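Report on the structure given below.
Readers should treat all values here as calculations from the given coordinates under stated rules, not as data from a laboratory. These figures come from a predicted structure and were not determined experimentally. Methodologically, a virtual Cβ is constructed for each residue, glycine included, from the backbone with ideal geometry; neighbour enumeration extends over all protein chains shown.
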Amino acid sequence: MSDSRMSPGSRLAPFAALGLPLALAGGGSALGVAAALSYDALLVGAAALEARLLARRMPVATRVLDNRLVVGSKNRIVVRLHNPTSRALRVTVRDELPDGWVAEPEEQTLDVPAFARRELAYDVVPSRRGRFRFGDVHLRLEGSARLGAALVRVPAAADARVYPNVLGPRRYELAARLGDLRSIGFRNVRVAGQGGEFEQLREYVAGDAYRELDWKGTAKRQRPVTRVYQQERSQIVLLAVDAGRMMATRLAGLTKLDHAINASLLLAYVALRQGDRVGLVVFADTVKAFVAPGRGPGQYRKLLEVLYAVEAQPTHVDFRRLVEHVRVRMPRRALLVMFSDLLDEAQARPLAEYAAVLRKKHLPVCVTMHDPIATRLADVSPQSAEDVYLRAAAADVLADRESVKAHLLKSGVGLVEAPPGELAVATVNRYLEIKARRAL
């Protein structure tokens, strides 16, 4: 059931002002004042009557949104209106959003003719992943007279899920169909002799080796065609995502955890397309979630469903728990891609030590982000004593980070470091290099 309240229409105040000459007639006599009051009372009564009739002619309002909204991006929300009456309506719409969300624009007004249907749209940019709750749709209705208006609350409560940004996998799929991965930043790594089993033909792109041209296909299609060979399809990629307190830091509008999840999903998508088995472990002070390695589109959906609700925990990270879990659950050799933060040496040093333990059986690669804030503070010209302190602190942090990175590399652990916006492509490039060199 909807509820409604009366509100003054847009024309009520101007019409009420017309009663002022009546009040001033005869030098403000009692008769003139009485006439003005009677006029205003008539207007208020007409406004109340119009508002009551409008409440009975309430249009049907329906909110339409995607099943999966995307964090950090514009998402279009549509409100559909149906006027089932024989009278035109002017409708102002305001939606009740989850806490902290802002609609752009916040409020919209449109005319809905008799028996007509109209729709309007607005954009929202969720700042967090997870499940959220939309409230009701609020309408302000005006008729042709516009003396009175009805404020109507239409029940429309609904849940919405906000997922990681999966634009990367879509972009990869488009580029893969066009046969040009370099257009979206992926390096084309080739190995002498190629090897593997023939998979498909595709159009030639600049950089393909001439020995890979398929001459029969080229003659048949009247354009250059390249043979594509598939690599080994029995390899395992395990994504390990750090959900500790350091991953809650925001960079470029998203948390470090969001950037890590976006990169891990793109890597999962590419690896699954390559035929590899992909698994997932989310960890902080304990292992929070585990998805056994698997193949196919169904596996990607499993990973997405687990990762969309992951939030950074206000706890330290226990890499020993991660190592124990991997050693028990992963008996076969795997490419272990760990997304973590190296800014805090107290946290990062154990990562380097335990990753070296995993190196005995698996191929660990640590993925981390440049921190532009620390870099900027370390390079700033100090103007005050506080600036000197901040610069020294930032320089110490970056020095500790370099020390951890050196320890990782010395222990034989791979390292991928990139700005937040380039992390996903850099991670996939390292995976493609490992595949091409058969390092796993």
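The figures follow:
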quantity: Computed magnitude of the charge dipole of segment 47-171 (debye, nearest 20; Cβ of K, R +1, Cβ of D, E -1); calculated: 380
quantity: Percent of beta bridges antiparallel (DSSP, segment 236-437, rounded to nearest 5); calculated: 25
quantity: Debye log10 I(q)/I(0) at q = 0.16, 0.22 Å⁻¹ for segment 60-163, Cα point scatterers; calculated: -0.69, -1.13
quantity: Protection proxy ranking of 250-261, 97-108, 308-319 - average other beta-carbon atoms within 10 Å, highest first; calculated: 250-261, 308-319, 97-108
quantity: Spacing of the two label points (7 Å from each Cα toward its C-beta) at ARG223 and GLU386, in nm; calculated: 6.1
quantity: Listed peptides 211-219, 352-360, 404-412 by packing density, highest first (mean Cβ within 10 Å); calculated: 352-360, 404-412, 211-219
quantity: Approximate shape of segment 279-331 as ellipsoid semi-axes (Cα gyration tensor, √5λ), whole Å, largest first; calculated: 21, 16, 5
quantity: Three semi-axes of the equivalent ellipsoid, segment 236-437, Cα gyration tensor, whole Å, largest first; calculated: 30, 17, 16
quantity: Residues ALA252 and ALA439, FRET efficiency given R0 of 35 Å [Cβ-Cβ distance, rounded to 0.05]; calculated: 0.70
